[in-house]
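Enquirer: Okay, handing you the structure first.
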Amino acid sequence: MTKDGTYKINGKISLEKVEPKDFKNDDHVTFDTTLRMNNHLKNFMKALVILGYAPTQQKALKKIQDSYIEQLGDDEQKTLKFQIETLERSDALNSNK
């Protein structure tokens with residue numbers, strides 16, 4: 001970078017279209033939240049962890065989510081993905097206020 005804040009480019013530059021990040025990726029969490037459920041569902045989640053199906057209740061719920069999405073048809077998956085992405089964008093916008 002030069003003193004005036006500009007860059008001198010020596011070589012070839014190319015521009016590539018970058019696809020938006022897939023919100024199925026759980027590496028980026030906008031914020032943590034809680035989920036209310038009855039004791040039967042809570043015990044089900046605990047049992048999944050106790051029996052070793054998942055190391056945490058959150059990861060057990062993620063496995064259930066993945067399994068549910070897998071059984072949907074292509075159109076249903078697209079519709080669900082679109083709705084989730086819409087909600088994720090809303091979360092991101094609201095958390096930046």
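Enquirer: Can you pull out every residue in segment 48-62 that is surrounded by 12 or more Cβ atoms within 10 Å (Cβ to Cβ) and of a type outside the set (Ser, Thr, Tyr)?
Expert: Residues satisfying the conditions are Leu48, Val49, Ala54, Gln57, Gln58, Lys59, Ala60, Leu61, Lys62.
Enquirer: Considering each of Ala54, Ala47 in turn, give the residue that is more than 16 Å from Val29 (Cβ to Cβ), hydrophobic (A, V, I, L, M, F, W, C) and outside any helix (DSSP H, G or I). Outline the logic, then answer.
Expert: Working: Ala47 fails: outside any helix (DSSP H, G or I).
Sole residue among the options that is more than 16 Å from Val29 (Cβ to Cβ), hydrophobic (A, V, I, L, M, F, W, C) and outside any helix (DSSP H, G or I): Ala54.
Enquirer: Of the numbered conditions (1) within 18 Å of His28 (Cα to Cα); (2) hydrophobic (A, V, I, L, M, F, W, C); (3) surrounded by 11 or more Cβ atoms within 10 Å (Cβ to Cβ), Leu41 satisfies every one except a single condition; which is it?
Expert: Here Leu41 meets the rest and fails (1).
Enquirer: Same structure, new question: Does Asp22 satisfy the condition of being within 22 Å of the chain's Cα centre (by Cα), of a type outside the set (A, V, I, L, M, F, W, C) and at pLDDT 75 or above?
Expert: No: the conditions fail for Asp22.
Enquirer: So, one more: Taking segment 28-44 on its own, how many of its residues are assigned to a helix (DSSP H, G or I) and not aliphatic (A, V, I, L, M)?
Expert: Total satisfying the criteria: 5.
The values are calculated or read from the model by the stated rules, or taken from the named source; none is laboratory data. Keep in mind that what you see is a predicted model, and the values were worked out from it rather than measured. Cβ atoms come from the backbone with ideal geometry, glycine included; neighbour counts cover every protein chain shown.
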